[in-house]
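First comes the structure, then the notes that go with it.
The values are calculated or read from the model by the stated rules, or taken from the named source; none is laboratory data. Values in this document were obtained by computation on a predicted structure and should not be read as measured data. Heads up, the Cβs are rebuilt from the backbone with ideal geometry, glycines too, and the neighbour counts pull from every protein chain shown.
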Amino acid sequence: MNHSSRFKTWLTLGCLVAAFSQAAAAVEVGGIKFDDTARVANKDLKLNGAGLRVKLAFFNLYAEALYLPEKKSDPAAILAMPGPKRVMLVMRREIDADTFGDAFLKGLNDNSNKAELSKIVGQTGAFGELFAAMPGLKKGDILLLDWLPGVGTQSSLNGKPMGGPLPDVAFFNAVLKIWIGDKPVDSSLKPQLLGEKS
């Protein structure tokens, strides 16, 4: 092999390694790419898992990713984990505010008991008001729900904060249980967010 051929071989290998590294840096779900890490509260969080929220077997409502300080597959350990956390939703179709709000409340009620819900009723109402003030979510919209220690749950839509933070971690955990609780809104999505196979 002459010098020119050897150079071309190394160049090709280098491009393959670079392409593999780039591919490994993101997870694709339903055409949506989620980065391997997310910067939240000045910390790099790891992608714990990602999947599609499917309704009636064929309606892809949104792609979702869960970011944590370290990967965990046990819901109880995730809820108890200190540090920032992020839930990221990327809408795959349009959904009106009422439908989203109803699904949100049903998910809360299905996965939290009355005592737990009574402690967060004010924050649940405040969260509901954020969505009542807008017509709905459009395809491609990005909704972030961030837990910021010492601050609270901060929601943002397409990079713009929605209202102020909701301070109680119990509220963020109640929201998180919508997807990873005992009665998740989508039984096939839960294991994907936990980093398991569906």
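Here are some notes:
- Each residue in segment 12-61 was checked for being among the aliphatic types (A, V, I, L, M), at pLDDT below 85 and more than 29 Å from Glu94 (Cβ to Cβ), and 8 of them qualify.
- Restricted to helices (runs of 4 or more DSSP H) entirely inside segment 108-198, those with at least 3 residues that are surrounded by 20 or more Cβ atoms within 10 Å (Cβ to Cβ) and over 16 Å from the mean Cα position of the chain (by Cα) are 121-132.
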